[in-house]
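**Q** Supplied in structure tokens, the structure appears directly below.
The values are calculated or read from the model by the stated rules, or taken from the named source; none is laboratory data. Since the model is a prediction, treat every value here as computed from it, not as a measurement. Cβ placement follows ideal geometry from the backbone for every residue including glycine, while neighbour counts extend to all protein chains displayed. Keep in mind that these areas ignore ligands, DNA and RNA; they rest on the heavy atoms of the full protein, side chains included. Shrake-Rupley method; radii C 1.70, N 1.55, O 1.52, S 1.80 Å.
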Amino acid sequence: MDASAREIYDVVGIGFGPSNLSLAIALEEHEANVEARPVRAAFFERQPSFGWHRNMLLPSATMQISFLKDLVTFRNPVSKYSFIAYLHAADRLVQFVNNQTFFPTRQEFHQYLEWVESGLSDRVSYDSEVVAIRKAAGTGAGEPECLEIEVRDGDRGRTHVRARNVAISTGLVPRMPAGVRRDDRVWHSSEFLEKYGRVDPNDLKSVAVVGAGQSAAEITRFLHDSLPHARVFAVVPSYGYSVADDTPFANQVFDPSAVDDYYSGTEQTREAFWRYHRNTNYSVVDDEIIRDLHQRSYDEDVRNDRRLHFLNLTRVDDVRRTGTEIRVGLRSLIDRETRALDVDALVFATGYDAMRPTNLLGDLDRHCLRDTAGRHRAERDYRLVTTPELSCGIYLQGGTEHTHGLTSSLLSNVAIRSGEIADSIIRRRAEDPEHRPAASLGTARRTA
Ligand code: FDA
Ligand code: NAP
């Protein structure tokens, strides 16, 4: 039996994106993580190495939150894992300040995340996809109830680890229009750079981007820059791109205290959050890129040389593929007429669904209580509400917009959220009469 199968971890984190990276730090920095009783944590990530939405690391894309909303600062401003500490280590702190921006590029923030990850890599296994969570059978006498996590280990087969808690943080799920399939020329924005990199740009004479969110606008601009010979069609369901509201009062919806207001509010409270503030995040675009795209369009008019086309109030209904041909079925929301557009590549920047824990939970799901709308109930500490038969904790980072509000899948509140989860795991460990004191030293690592 491998060493990991004997260990009972305090928590196993599923996915190692920013959310669980932040949780790993919160556990490491927790005052109860002492040598005599270390917090034992292990993380599993299906990618071969750390990567945060790599396929959208477009050269000019900037962060949509302040760098101060990094993985730690709101919880622990003196953490060694802050963005400022990273800048200092990279010898760029002075230049960054001279740059006078709150919003670094996504490429620089990615480098920050990689720098953080390099300090925590002893507790994560890559190429390791968690495929199931179940109640562990046959825990010995005196051993606490625990969960068994089944991991597909690259080409090494499957291993199983045990834990008192899991933190599921598997991220957003790309959304395509019903019936549309992805292939080598029909892409979702989440796979953009990888798929784009596989085609010869000279073969792309005409391309289309579907959607009116930040992803669509960024990709439209990128293609307009990168394919100077090509016609670029932006299929925009609205009358034109709408601006993301990041003005100070509206931005308060991302404050840690807004989670309390949302969580303890009535249905009317929650409905008001969405009605008034959906435009802080969904189907909206940063002001700078809207103006840039408009300027490009205007300049083409002046030159009488139009290759950037905006098809407004238009949705994609279907896509027909014959050989290399892509025929896009467009429906105008003005006259309900349909028409076809032929392109060489088609990008669906049609957004994402929230994280869904159900597939991983399998039979455990019957212990997880739901609200009248059929959604999982969650405690304030992001733990699923379960029947008394299940004492282990299933924590969610993501997938709790209906209980905790807009920040659930975002970075805005990640430092506080993961700190609250770490507090909860450690508090429950202290209260748990079944929990034996840990024998091993340091934050644990699975050794397959
Ligand atoms: P994330 O998706 O980052 O990570 C989940 C990880 O789980 C992935 O690495 C995945 O491989 C892994 N995984 C999935 N299933 C698994 C399994 N079964 N087993 C093991 N591993 C598994 N928000 C914001 O506040 N500010 C911003 O600037 C941006 N920018 C941004 C850009 C783009 C292009 C997108 C698409 C989204 C954003 N976001 C954002 C929102 C985004 O949700 C957020 O930045 C984080 O990615 C959330 O981090 P998570 O760790 O929760 O998910
Ligand atoms: P999004 O905001 O959900 O936008 C999806 C768009 O696709 C919407 O305009 C939607 O319109 C449209 N759409 C869906 N189906 C369609 C169809 N059949 N035909 C035409 N249009 C269709 O998704 P996103 O732009 O990917 O953004 C998701 C998250 O990632 C956001 O949090 C965003 O801030 C973040 N992001 C950040 C960065 C960055 O940090 N630089 C970059 C990209 C994304 P309807 O709403 O009308 O369906």
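**Q** Carbon and sulfur together cover what percent of the accessible area of the chain at a 1.4 Å probe radius? Before the final figure, lay out each step's value.
**A** Numbers: 10380 of 20990 Å².
About 49 percent, which is the carbon plus sulfur part of the accessible surface.
**Q** Enter the per residue convex hull volume of region 1-131, computed from alpha-carbon coordinates, in Å³ rounded to the nearest integer. Write down the numbers at each step before the final one.
**A** Values: hull volume 16.5 nm³, N = 131.
It is 126 Å³ per residue.
**Q** Follow-up. At 4 °C and 1.567 mPa s, grab the translational diffusion coefficient of region 61-177 from Stokes-Einstein with a Kirkwood Rh over Cα pairs, rounded to a whole number in µm² per second. Before the final figure, lay out the partial values.
**A** Numbers: Rh = 17.7 Å.
It comes out at roughly 73 µm²/s.
**Q** Still on this structure, please answer the following. Please work out the average accessible area per residue across the chain, using the 1.4 Å probe convention, and give it in Å².
**A** I get 47 Å² per residue for the chain.
**Q** Starting from 0.36 nm per residue, how many nanometres of slack lie between ASP318 and ASN359 once their C-alpha separation is accounted for?
**A** The span from ASP318 to ASN359 would gain 12.0 nm if fully extended.
**Q** Using amide H atoms built 1.01 Å from N in the peptide plane, name the residues 5+ places from HIS188, or on other chains, whose amide H lies under 5 Å from its own.
**A** PHE348
**Q** Mind telling me which of TYR263, TYR276, TYR196 comes out most flexible in a GNM of the chain, alpha-carbon contacts under 10 Å?
**A** Highest fluctuation of the listed residues: TYR276.
**Q** Now, a different point. Do any GluC sites (Glu not before Pro) in region 291-364 lie in a DSSP loop with no more than 16 other beta carbon atoms within 10 Å, and if so, which? Walk me through the numbers on the way to the answer.
**A** Details: sites: GLU300, GLU325, GLU337; in loops: GLU337.
Answer in residue order: GLU337.
**Q** Along the charge dipole of region 232-332, Cβ charges K/R +1 and D/E -1, which of ALA250, THR269, GLY240 sits furthest on the positive end?
**A** GLY240
**Q** To the nearest 0.05, what FRET efficiency results for ALA89 and ALA36 with a Förster distance of 30 Å applied to their C-beta separation?
**A** Rounded to the nearest 0.05, the efficiency is 0.45.
**Q** Hey, another quick one. Using a Gaussian network model on the chain with a 10 Å cutoff between Cα atoms, which of ALA178, ALA422, ALA167 fluctuates the most?
**A** In this elastic network of the chain, the residue with the biggest mean-square fluctuation among ALA178, ALA422, ALA167 is ALA178.
**Q** Quick one: work out Rg over Rh on the C-alpha atoms of the chain, Rh as Kirkwood radius.
**A** Numbers: Rg = 23.6 Å, Rh = 23.8 Å.
Ratio value, two decimals: 0.99.
**Q** Further, regarding this structure: Are there any GluC sites (Glu not before Pro) in region 1-105 that are in a DSSP loop and have at most 10 other Cβ atoms within 10 Å? List them by number.
**A** Taking region 1-105 and a limit of 10 other Cβ atoms within 10 Å, the loop GluC sites (Glu not before Pro) found are GLU31, GLU35.
**Q** Now for a separate question. Can you list the equivalent-ellipsoid semi-axes of region 174-313, largest first and in whole Å, using the square root of 5 times each Cα gyration tensor eigenvalue?
**A** They are 34, 19, 12 Å, listed largest first.
**Q** Highest GNM mean-square fluctuation, the chain, Cα pairs closer than 10 Å: which of ARG303, ARG291, ARG185?
**A** Result for the chain, Cα springs under 10 Å: ARG303 fluctuates most.
**Q** Along the charge dipole of region 1-103, pointing to its positive end and built from +1/-1 on Cβ of Lys, Arg, Asp and Glu, which listed residue (LEU87, LEU57, PRO38) has its Cα farthest out?
**A** Towards the positive end, the residue furthest out is LEU57.
**Q** Also, I was wondering about something else. For THR314, what residues show an amide H to amide H distance below 5 Å, using hydrogens built from the backbone and excluding near sequence neighbours?
**A** Amide H to amide H, under 5 Å and 5 or more residues apart or across chains, THR314 pairs with VAL236, SER238, LEU333.
**Q** Over the chain, what is the percentage of antiparallel beta bridges among all DSSP beta bridges, to the nearest 5?
**A** Counting only bridges with both partners in the chain, antiparallel ones make up about 50 percent.
**Q** Quick one: compute the contact order of the chain, relative version, from alpha carbon pairs under 8 angstrom and 6+ residues apart, as a percent.
**A** It comes to 25 percent, rounded to a whole number.
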